[in-house]
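The next block holds one structure in the form of structure tokens; read it before the comments.
The values are calculated or read from the model by the stated rules, or taken from the named source; none is laboratory data. Since we're looking at a predicted model, the values are computed, not measured. Glycine gets a Cβ as well: all are built from the backbone with ideal geometry, and neighbour counts include every protein chain shown. Note: accessible area is taken over every heavy atom of the protein model, side chains too, but ligands, DNA and RNA are not part of it. Shrake-Rupley method; radii C 1.70, N 1.55, O 1.52, S 1.80 Å.
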Amino acid sequence: SSMNGEIARTKYFFFNPSTATNALNTPTPTTAVSIRTNYENLSWLNENTLTYNTTFNEDHKLELLAGYTNQYYRQESTNIQADTYSDDRLPTIQGAININRTASNSGVQEWSLTSYLARANYNYKGKYLINAAIRRDGSSRFGLNNRWGTFPSVGIGWVISDEDFMRDLPVVSFMKFRGSIGEIGNNNIGNYTQYALINNTVNGVFGNTVAPGAAVSTLANPNLGWEKTRQLDLGLDLNLWNDRVNFTYDYYLKNTTNLLYSVQIAQESGFGNFNDNIGEIKFWGHEFSLNTKNTVGAVKWSTNANISFNRN
């Protein structure tokens, strides 16, 4: 188990008296201005994992891992700008005649992430390799109906050069086939996009009096959820002539669905856009890598070449 956190507090104060100015061609006295900014940050991460390793019948190795993690972040900020002081010696908020409401603001940014995870690794004589993993993540950035996502993965490896039938090919010093398929999630959409947000700068008129008011500025989406990417990888590692020539080939196919996107909607609704999971992107390609050790000894000379082809 591990626990770490960070607490940060920042205070900033600026005062421009009426007897000074940083603007060109501006005579004094000027309007005295003060700015006060406070930031408070709190973040922590708790990770708990349990690992079990065992070897049975000498050739079979198994590793099991289970874990639980929890992460939290909060930032609170306050900014106040005041101007028109009757006395430069009293730069307090109460000493200002005017509080600039447009330049003054306060806000909170907060999010949390909870994860459950498990993984299993198995190999037989270091020749046949299998690994499988699964994790379940819950993010506060998504709607109440769709905060959790499950992301599995599985991978295999086969060291072909360790097989008996490869002994008659001394030119091959190492050869391995590998493949994997898995899914991951993305929650980088910002905070509070799943809620109906309120704009409190709307005013209403009652008779001859203007009264402050508030109105809904964005639509809520309780079904907003994880953007998911599923990827398939197939590869071959080949070393020849006592590792003098190394060749690597990879093929990948990546498909991203449920894209986090701000969708434009009809103006008749009273809103401009709506955050939703929509769209799909597909990538696939081939990658080749060749490395040769042309001379080995006091003078070393090697050659590298990398080629990749991809489409989307």
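A few comments on the model shown:
- Accessible surface of the chain, 1.4 Å probe, proportion on carbon and sulfur as whole %: 54
- Farthest toward positive dipole pole in the chain [+1 Lys/Arg, -1 Asp/Glu at C-beta], among TYR68, SER262, TYR128: TYR128
- Volume per residue that the Cα convex hull of segment 86-215 spans, once the total is divided by residue count, Å³: 243
- Stokes-Einstein diffusion for the chain at 20 °C, viscosity 1.002 mPa s, with a Kirkwood radius from C-alpha pairs, works out to 81 µm²/s.
- Local electrostatic count, ARG230, Cβ distance below 15 Å [Lys/Arg +1, Asp/Glu -1]: 0
- Counting only aspartates and glutamates at least 8 places from LYS176 when in the same chain, those with an alpha carbon closer than 18 Å to its own are ASP162, GLU163, ASP164, ASP168, ASP233, ASP237, ASP243, ASP250, GLU287.
- 10 Å Cβ shell holding at most 11 others, DSSP loop, trypsin sites (Lys or Arg not before Pro): longest site-free stretch of the chain: 168-299
- Pairs of alpha carbons in segment 1-71 separated by more than 15 Å make up 75% of all such pairs.
- As a length-normalised measure over Cα pairs under 8 Å and 6 or more apart, the relative contact order of the chain settles at 10 percent.
- Positive minus negative residues near PHE247 (Lys, Arg vs Asp, Glu; Cβ under 12 Å): -2
- Hits among lysines - C-alpha to C-alpha of LYS282 under 21 Å, sequence gap 8 or more where chains match: LYS228, LYS254
- Segment 267-312 shape via C-alpha gyration tensor axes, a/c threshold 1.5: prolate
- Once you reduce segment 241-312 and segment 10-58 to the center of their Cα atoms, the two points are 36 Å from each other.
- Accessible surface area normalised per residue over segment 80-145 is 61 Å², counting heavy atoms of protein chains with a 1.4 Å rolling probe.
- Cα point-scatterer Debye curve for segment 195-287, base-10 log of I(q)/I(0) at q = 0.10, 0.24 Å⁻¹: -0.55, -1.15
- Computed about the Cα centre, the dipole magnitude for the chain is approximately 160 debye when only Lys and Arg (+1) and Asp and Glu (-1) carry charge, each at its Cβ.
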